[in-house]
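The values are calculated or read from the model by the stated rules, or taken from the named source; none is laboratory data. Please read these numbers as outputs of a predicted model, since none were measured by experiment. Here the Cβ positions follow ideal geometry from the backbone for every residue, glycine too, while neighbour counts run over all protein chains shown. These accessible areas exclude ligands, DNA and RNA; they are computed on the full protein's heavy atoms, side chains included. Shrake-Rupley method; radii C 1.70, N 1.55, O 1.52, S 1.80 Å.
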Amino acid sequence: MNNYVHDIPTKICFGKGSISYLKQSLQQFGNRVLMTYGGGSVKKSGLYDEILKILNDEFEIFELSGIEPNPRISSVIKGVEICKENDIDVILAVGGGSTIDCSKAIACGVYYEGDDLWDMITHYEKDRKALPLIDILTLSATGSEYDNSAVISNPDTNEKIGAVLTFPSVSICDPTYTFSVSKYQTASGSIDIMSHIMEGYFSVTDDSDLYDGIAETVLKSVIKNMPIALEQPDNYSARANLMADASIACSGIPEYGKEVGSWPCHAMEHELSAYYDITHGVGLAILTPRWMRHIVEKDPSCKWRFVRFARNVWGLEGNDEDELVKAGIDALEDFFRKSGVPMSLSELNIDETNFKAMAAHANRNGKLERGFVPIREEDIEAIYTACL
Ligand code: NZQ
Ligand code: ZN
């Protein structure tokens, strides 16, 4: 078991009615608030009005709306301008991962000293200074409410980059706010949660028992609860479990004690959404089973992990290890397919035109050559091709 440091400063207020923590959470930082949100789901659901009702008298509220799924650097620039012009004390992000990620970049951008905010995204810096950030989560998926990453897109350069920026101070996680999430986003968010687990679960370390157990439990929870949420969007128990799963899955906790590489499926997916602006979880659904089959063939010594995956996650039985490996991957692919998301790149009208450039960028600095089964550019191109 490897060393690790547990250091997550975010306070999570979880459950129905936890918006009651909003006022006190903001008050500790001041009364000039930048509220950020996406394309309008918060207005449709009534959450926007509920927030204004709670805050109106005591806070001065400024707004940045229209944050895109796969949020763009242009929205970050707008948000930084609003903060600087209005002397904002605290940011309140209301939405899914895109709104929270954009808000993290705004929070850091206010103190960034360079001329170009895109440079802030592409260059790592430890302990960045940031405005305080509070969020109200409306979609269970990315775990942005409980991590310090933000993924920002730059359409001018066809890049989508994950940067380490800042943790939220407080995340308000009320599962009832996810009742209105569409089937498509529920499925892709759930697939994203599973992927966050699988990126670390498939590791060479075989003795981090607690954290492998947490990882398997999260996967089983999504396998149980996603189909219920798809059938009954207002099933509190299913939505609550998915929300709890999401926060822990991307927190790093399920990877503690393990050797973890550079999250290959995420690296390959971010290229797809950088070039084609697709939904993150859908890209992961298409890539993951193909990545699995590719690495098992490339390095059969990794099969023991897939045997464990088949037995402990899918409850499959039998002693034929090759059969178990195959059946576990097939079960995952089948689960994704049944959720209704597209399962090939052709369905998204994506062809091989950009595979070479995408593979090179996914493996910049040789980052995918470290990990469970190292892959190179030719492997990545082969995986993309298998996804067609
Ligand atoms: O924009 P609005 O109108 O709010 O609609 C959104 C959007 O269209 C809608 N939505 C959100 N909450 C809703 C709702 N619709 C109805 N009812 C609600 N309660 O859902 C759509 C997708 O929202 P988005 O925020 O884009 O989804 P998600 O949370 O999946 O975030 C995806 C982004 O996060 C990045 C992804 O790459 C992508 O850019 N990631 C961030 C990570 C992180 N910070 O750690 C890690 C992840 O691996 C991921 O890369
Ligand atoms: Zn993800």
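Tell me which residues, restricted to segment 115-150, are open to solvent by 30 Å² or more (accessible area, probe 1.4 Å) and within 16 Å of ligand 2 (Cβ to nearest atom).
Leu139, Thr142, Tyr146, Asn148, Ser149
Scan segment 127-153 and report the pairs whose first residue is more than 14 Å from Ser247 (Cβ to Cβ) and free of Cβ contacts under 8 Å to residues at least 24 places away in the same chain and whose second residue is open to solvent by less than 30 Å² (accessible area, probe 1.4 Å) and away from ligand 2 (no atom under 15 Å from the Cβ), with Cβ atoms within less than 8 Å and a gap of 6+ or a chain change.
Lys129/Cys108
Looking at (1) part of a loop (DSSP other than H, G, I, E, B); (2) crowded, with 19+ Cβ neighbours inside 10 Å; (3) hydroxyl-bearing (Ser, Thr, Tyr), find the lone condition where Ser103 falls short.
Ser103 satisfies all of (1) part of a loop (DSSP other than H, G, I, E, B); (2) crowded, with 19+ Cβ neighbours inside 10 Å; (3) hydroxyl-bearing (Ser, Thr, Tyr) except (1).
Starting from residues that are assigned to a helix (DSSP H, G or I) and among the small types (Gly, Ala, Ser), keep the ones in segment 296-319 and report whichever is nearest to Ala382 (Cα to Cα). Before you say what the answer is, go through the steps one by one.
Restricting attention to segment 296-319, the residues satisfying the condition of being assigned to a helix (DSSP H, G or I) are 296-298, 300-313.
Still in the list and also among the small types (Gly, Ala, Ser): 301, 310.
Numbers: Ser301: 20, Ala310: 25 Å.
This residue is Ser301.
Any idea which of Ile161, Ile172, Ile197, Ile214 is out of contact with any Lys or Arg (no Cβ under 6 Å at 6 or more places or on another chain), within 16 Å of ligand 2 (Cβ to nearest atom), closer than 16 Å to Ala246 by Cβ and hydrophobic (A, V, I, L, M, F, W, C)? Can you show your working first?
On the way: Ile161 fails: closer than 16 Å to Ala246 by Cβ; Ile172 fails: within 16 Å of ligand 2 (Cβ to nearest atom); Ile214 fails: within 16 Å of ligand 2 (Cβ to nearest atom).
From the options Ile161, Ile172, Ile197, Ile214, the qualifying one is Ile197.
Here is a yes/no grid of residues against (1) closer than 19 Å to Thr142 by Cα; (2) without any contact (Cβ under 8 Å) to a residue 12 or more places away in the chain; (3) within 16 Å of ligand 2 (Cβ to nearest atom):
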| site | (1), (2), (3) |
| --- | --- |
| Leu55 | no, no, no |
| Glu63 | no, no, no |
| Pro69 | yes, no, yes |
| Ile100 | yes, no, yes |
| Ala105 | yes, no, no |
| Tyr111 | no, no, no |
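Within segment 373-388, how many residues are under 19 Å from Cys302 (Cα atoms) and open to solvent by less than 30 Å² (accessible area, probe 1.4 Å)?
Selection size over segment 373-388: 5.
Return a yes/no flag: does segment 35-55 have any residue that is assigned to a strand (DSSP E or B), β-branched (Val, Ile, Thr) and open to solvent by less than 20 Å² (accessible area, probe 1.4 Å).
The first filter runs over segment 35-55 and keeps only residues assigned to a strand (DSSP E or B), leaving 35-36.
From what's left, β-branched (Val, Ile, Thr): 36.
Restricting the remaining residues to those that are open to solvent by less than 20 Å² (accessible area, probe 1.4 Å) gives 36.
Yes: one or more hits.
Would you pick out the residues in segment 166-200 that are among the aromatic types (Phe, Trp, Tyr), in a helix (DSSP H, G or I) and surrounded by fewer than 24 Cβ atoms within 10 Å (Cβ to Cβ)?
Keep residues of segment 166-200 that are among the aromatic types (Phe, Trp, Tyr), which gives 167, 177, 179, 184.
Now restrict to residues that are in a helix (DSSP H, G or I): 177, 184.
The one that is among the aromatic types (Phe, Trp, Tyr), in a helix (DSSP H, G or I) and surrounded by fewer than 24 Cβ atoms within 10 Å (Cβ to Cβ): Tyr184.
Every residue, every condition in (1) within 11 Å of ligand 2 (Cβ to nearest atom); (2) modelled with pLDDT under 95, yes or no:
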site: Tyr256; (1), (2): no, no
site: Ser262; (1), (2): no, yes
site: His266; (1), (2): yes, no
site: Glu269; (1), (2): yes, no
site: Tyr275; (1), (2): no, no
site: Gly281; (1), (2): yes, no
site: Arg290; (1), (2): no, no
site: His294; (1), (2): no, no
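Is it the case, given these coordinates, that Glu259 is out of contact with any strand residue (DSSP E or B) (no Cβ under 6 Å at 6 or more places or on another chain), farther than 30 Å from Gly96 by Cβ, open to solvent by 20 Å² or more (accessible area, probe 1.4 Å) and without any contact (Cβ under 8 Å) to a residue 40 or more places away in the chain?
On the way: out of contact with any strand residue (DSSP E or B) (no Cβ under 6 Å at 6 or more places or on another chain): yes; farther than 30 Å from Gly96 by Cβ: yes; open to solvent by 20 Å² or more (accessible area, probe 1.4 Å): yes; without any contact (Cβ under 8 Å) to a residue 40 or more places away in the chain: no.
So Glu259 fails the test.
Pull up segment 201-221, narrow it to residues that are part of a loop (DSSP other than H, G, I, E, B) and open to solvent by 20 Å² or more (accessible area, probe 1.4 Å), then point me to the one that is nearest to ligand 1 (Cβ to nearest atom). Explain how you work it out, then say what you get.
Here is the first cut: in segment 201-221, the residues part of a loop (DSSP other than H, G, I, E, B) are 202-208.
Filter once more, so that each one left must be open to solvent by 20 Å² or more (accessible area, probe 1.4 Å): 204, 206-207.
Details: Val204: 22, Asp206: 25, Asp207: 27 Å.
Filtering first and then ranking leaves Val204.
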